[in-house]
Amino acid sequence: MNVILTAVIVLGAVGLIAAIVLFFVSKKFAVKEDPRIALVNEVLPGANCGGCGFPGCGGMASACVKAADSGSLEGLNCPVGGSAVMSQVASILGMEAAASDPKVAVVRCNGSCENRPRIAEYDGLKTCRVVHACGAGETGCGNGCLGCGDCVAACKFDAIHINPETGIPEVDEEKCVACGACVKACPRNIIELRLKGKNNRRVWVGCVNQDKGPAAMKACKVSCIACGKCVKECKFDAIAIQGNVSYIDDEKCKACRACMKVCPRECIYDANFPKSIKEVMKAEAERKAAAEAKAKAEAEAKAKAEAENTATPNVTEETKPKAKEE
Amino acid sequence: MRTFRIGGVHPEENKLSHEVATVPAELPKQAVFPLSQHIGAPAKPVVERGQEVKVGTLLAEAGGFVSAPIYSSVSGKVAKIDTVVDATGYRKPAIYINVVGDEWEESIDRSDKLETLADHPELTPEEIINRVKVAGVTGMGGAGFPTFIKLTPPPTATATCVIINAVECEPYITSDYRLMMEKADEIIVGIDLLMKAVKVNKGYIGIECNKPKAIELFKQKLASRPEIEVVPLQKRYPQGGEKQLVDAVIRRQVPAPPAIPVNVGAVVQNVGTAFAVYEAVMKNKPLFERYVTVTGKKIAHPGNFLVRMGTPMIQLIDACGGMPEGDNKLLAGGPMMGKALTSVEVPVCKGTNSVTVLSGDDAKRKEAQPCIRCAKCVSACPMGLEPYLLAKLSDKGEWDRLEKEMITSCIECGSCQFTCPAHRPLLDNIRIGKTTVMGIIRSRSAKK
Amino acid sequence: MANKLIVSLSPHAHGTDSVEKNMYGVIIALLPALIVSFIYFGLGSAIVCCTSVLACVFFEWAITKFIMKRERSTVLDGSAILTGLLLGFNLPSNLPIWIIIIGALVAIGIGKMTFGGLGCNPFNPALVGRAFLLVSFPVQMTTWPVPGQIGINGYIDAQTGATPLAIMKEAIKSGDASVLSKLPDSLSLALGNSGSFGAGSLGEVCALALIIGGIYMIVRKIITWHIPVSILLTVFVFSGLMHLANPIYASPVDVLLSGGLMLGAIFMATDYVTSPMTKKGQLIYGVSIGVLTVAIRYFGAYPEGMSFAILIMNAFTPLINNYCKPKRYGEVVK
């Protein structure tokens, strides 16, 4: 009996002392956390992908709360959850969700092996940052894509890959969440986040070469030489030349593709249009030619009719419905 | 015999042009002067297209405090101000001059007469520094730091001696050696000027023992001058590194950056710089020509040339028998720290001490294997760093730890990569880490 | 210009050193000991060594090719041959082939490849294999043939004997210093020519051959002196003190020359991958191995402590690397 009693008393005392110690320790070292952080954390996807640029969703949640306290959620975006999640977060924090139009990463270089002759052979660690530090790389272009795939390594969504034929990365629009990891990874600022545009249709200048015309021309077949034709052609004032290279403002661009028609270097690119600009230009040219031919034929027919006034008027009647059909 | 105390490697010497006397190189048809030949702000052009210039005419003035003016090395007409691919591999602004004749500015003293400091007692330290600054003299060893800044130490430090870097520890290069053999008297006057400029009365010349003739020559010439000491050094790379040389010669180590050698009392100048200082101060001749070694195992006639700056490298290579067949690596500098060039048209600049052509197997790196943790890079590092660790952390992007591991002390000498039995591109990785960490430190101090 | 220019960052020159040179250098350094083991154990030695080397090389090749699916095989870099040779050196000369093959599989498969292959393993693969065999097959692994049995009988039905270490252990257990008189004299221990009380594994019988190999490696700059010298010195001092305190502990010279100490100190502890990177760290590592070895030999259950001491210190290597930094330039300002 005594033994049992001693054991109970000793254990009870140990438990009590431990409880008291724990109580004071937890009071003393309590970490005060904003309750909103937990709430925000709950609506975040919990994938801890880091696509937002923070270490996991917890980091993002505290960053959101901090940003809300300073007044704006701008610049914070959960690439996985998209605007749906961000508006939820905003409502928790009592903010207006920053209405962000969907963006997509765009590679602004087309310096494939065919377009951009290799003048040297790089022999070292195959990462863009090292090649960039080494010099212009294998080509004469000091601004273009180095093709070692730092962007591919940075992408957590498997959305960007080097095309083995061109050696240039290509973005998979379906998978790209516009987290901007590739933009940061690229030492030459070739990748840009651009608005996806209406019906996903968009137009951009696919060159960042800042050399003067002759040097740029020598380095690459599809380099922007800052001739300014596109600037003149644009009706929406969306194109400007900055540092020897043309740039289309995606906020102003209406995707009319007028600039593409005049670019002598064919370095303006489009995406998701039903017809390529060449087809459109060809069709236009054909239509023009057809219209001219028609006008000519009509004129000839008229002349003929006039000349053969005595003949039956069927000829003109026959041609008229035909023209309508066309 | 002295040497530095930490690390070091022994690359194969390959001093092919050691005993080939220097000859003046032919004038180029067109000379190109990049505006950024030194560390610091690019120079600002002061000439216009079509303007006639002479040898020694100012082409561009210093573009800031840390900068240096650039003078024409040829006479002729300014063809254009455009861009040229320089040693960095990128297009940089440059002045093109079409060469006509060889007419010199009259202010330059072209005689061979040796002017000593005793002949010109009127030269004050300030006057010497000013002439060096105006003449656009920069470090001739490769880095190209404006010399006048080195001669005006910060108020916190006091110089106690001048150390002349005549080590030439890089394989292949012999231009400094030839300069020492051919212009010894001028160099000694140059050292006198440097010592007067920084107000010290002790000078050292560090020469590696693979140049016994130069050691002998200078010992003989300085026999009656105890204040200038010839210090023979063991052959070991990177002894020509400023910090290593200070350690080897005066047994002091420069603390971690931002400390510079003058913090331990040493002003280190290249032997080529000493000569350039002599010419600038005594002959009123701005820096526009220099000694250049053209070398390579497959080069038919490796040689040393007195080259006017702006001469395209291909012209020098052609003068030595032309570019070898097959794939080559063209270096501005030696194989340890030289820059590989993407164009043979790159002009000779103030810091170009050598044009080295590596051919065949020498031109290519060997395939990298996994690290076997042999610790040979740790023993080789002259800064006492752990290259294997720095490379690994750089690869993983752990910038905070890299800073603690003192990556900013790295002098990029390449000893680690040279010695690595697994042929790993250690320095490639470390450079990325170093530039990133430097950027982080800069932005942090900017915030403060 | 038709020919391309090659560009890369500096340095553009490379030394003549290579992984292969280092690995084959160690193998060459092991040759004297291998020859001596042929002389003493004849056919048995050849069977054990060949099986071990071939099995290690085979497993390395098979695992890199079929499991890791690497394009570039690491078989030819010599590391698997070296592991096989070292494993063989740690085994008795009459060990059945199937046990050797299991040992090789554990050494390469578990000791090395599970961590990612050459350069990634935290423990010395050969010792992992040996430790596994010692625990799994204690009988076969602790009956040691006596040297001098060259023919096939030396393999199939060898006359076994006591190792010098077993004699030392016996002396400690019984507390009777006279047992030590059974020990062969120091010269025969060094040469391995020590008769019925000089039994042992293949590689450990002749200390002299191992020392020759060690000197060769230091001269060729494959290893530095720090690890072997610090181990041997520590063992000498520690066991010497013990000997002075109580004569039941054998004399330090005999301790140095017997058992796997030389093999371990010169060839196993100096393994690049599992030893510390800095000189300071290597000295700490060596001294610790020395202390642990003597402690296990004198106070532990096993007569030999070398392999366990090395394995224990292998585990501490990352920690040592973390705390022992080389002397940085600029820290010794005068």
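Numbers at a glance
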read-out: Size of electric dipole in the stretch A:103-278: Cβ of Lys, Arg +1 and of Asp, Glu -1, about Cα centre, debye, nearest 20; value: 660
read-out: Eligible aspartates and glutamates near B:Lys113 by straight Cα distance, threshold 15 Å, same-chain separation 8 or greater; value: B:Glu182, B:Asp185, B:Glu186, B:Glu279
read-out: Solvent-free Debye scattering, log10 I(q)/I(0), computed from the Cα coordinates of the stretch B:395-448 at q = 0.18, 0.21, 0.23, 0.25 Å⁻¹; value: -0.61, -0.78, -0.89, -0.99
read-out: Rg/Rg_ref, the stretch C:244-334, where Rg_ref = 2.2 N^0.38 Å and atoms are Cα; value: 1.28
read-out: Cross-link table A:Lys184/A:Lys261; B:Lys219/B:Lys298; B:Lys297/C:Lys4; A:Lys254/A:Lys294; C:Lys169/C:Lys280, entries beyond 25 Å C-alpha to C-alpha; value: A:Lys184/A:Lys261; B:Lys219/B:Lys298; A:Lys254/A:Lys294; C:Lys169/C:Lys280
read-out: Tail fraction, Cα-Cα pairs, the stretch B:280-371, threshold 23 Å, whole percent; value: 27
read-out: Column: log10 I(q)/I(0), Debye, Cα scatterers of the stretch A:1-158, q = 0.11, 0.18, 0.21 Å⁻¹; value: -0.72, -1.03, -1.20
read-out: Selection from C:Tyr155, C:Trp61, B:Ile205, by position along the positive dipole direction of the protein assembly as shown (Cβ); value: B:Ile205
read-out: Chain C - Rg over Rh from alpha carbon coordinates, Kirkwood radius; value: 1.01
read-out: Pairs of Cα atoms farther than 31 Å apart, chain B, %; value: 41
read-out: Reach of B:Lys199 by Cα under 16 Å, taken over lysines that are not fewer than 8 positions away in the same chain; value: B:Lys150
read-out: Count of Lys pairs (Cα-Cα under 15 Å; at least 8 positions apart or interchain) in the stretch B:379-448; value: 4
read-out: Inter-chain Cβ neighbour average for residues C:77-86, partner chain, 10 Å; value: 1
read-out: Average beta-carbon neighbours from other chains, 10 Å sphere, peptide B:246-259; value: 2
read-out: Sorted peptide list for B:42-52, B:292-302, criterion being average Cβ within 10 angstrom, highest first; value: B:292-302, B:42-52
read-out: Net charge of neighbours whose Cβ lies under 11 Å from the Cβ of B:Val267, counting Lys and Arg as +1 and Asp and Glu as -1; value: +2
read-out: Selection of GluC sites (Glu not before Pro), the stretch A:130-228, meeting DSSP coil and at most 15 other Cβ within 10 Å; value: A:Glu165, A:Glu173, A:Glu174
read-out: Centre separation in Å (Cα based) which lies between the stretch A:256-308 and the stretch B:338-358; value: 54
read-out: Beta bridges per DSSP with both ends in the stretch B:117-282, % antiparallel, nearest 5; value: 5
read-out: Shape parameters for the stretch B:3-86, alpha-carbon atoms, Rg then Dmax in Å; value: 18.4, 55
read-out: Cα gyration tensor, the stretch A:37-92 - rounded (a/c under 1.5), prolate or oblate; value: rounded
read-out: Within 10 Å of each Cβ in B:339-351, the average number of Cβ atoms from other chains; value: 4
read-out: Rounded FRET efficiency, nearest 0.05, which uses the C-beta distance separating B:Lys448 from B:Glu182 and R0 of 41 Å; value: 0.20
read-out: Of the trypsin sites (Lys or Arg not before Pro) in the stretch A:240-315, those whose Cβ has at most 15 other Cβ within 10 Å and which sit in DSSP loop; value: A:Lys252, A:Lys254, A:Lys275
read-out: Relative packing of C:71-79, A:223-231, which averages over residues the other C-beta atoms within 10 Å, highest first; value: A:223-231, C:71-79
read-out: Kirkwood Rh, Cα atoms: Rg over Rh of the stretch A:103-278; value: 0.95
read-out: Normalised per residue, the volume of the convex hull around the Cα set of the stretch B:146-242 (Å³); value: 107
read-out: Kirkwood hydrodynamic radius of chain A, from inverse mean 1/r over distinct Cα pairs, in Å; value: 25.3
read-out: DSSP H segments from chain A that extend 15 Å or more along their own axis, Cα-based, with Kyte-Doolittle mean of -1.0 or above; value: A:2-28, A:56-69, A:82-92, A:277-307
read-out: Rg ratio (alpha-carbon, reference 2.2 N^0.38 Å) - the stretch B:117-282; value: 0.95
read-out: The stretch A:103-278, relative contact order in percent, only Cα pairs under 8 angstrom and at least six apart counted; value: 23
read-out: Long-range tail of P(r) for the protein assembly as shown (Cα pairs > 51 Å, %); value: 44
read-out: Protection proxy ranking, peptides C:142-149, B:224-231, average beta carbon neighbours within 10 Å, highest first; value: C:142-149, B:224-231
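Quick note: the coordinates plus some simple rules give every number you see, no bench work behind them. Since the model is a prediction, treat every value here as computed from it, not as a measurement. Cβ: placed from backbone, ideal geometry, glycine included. Neighbour counts: every protein chain shown.
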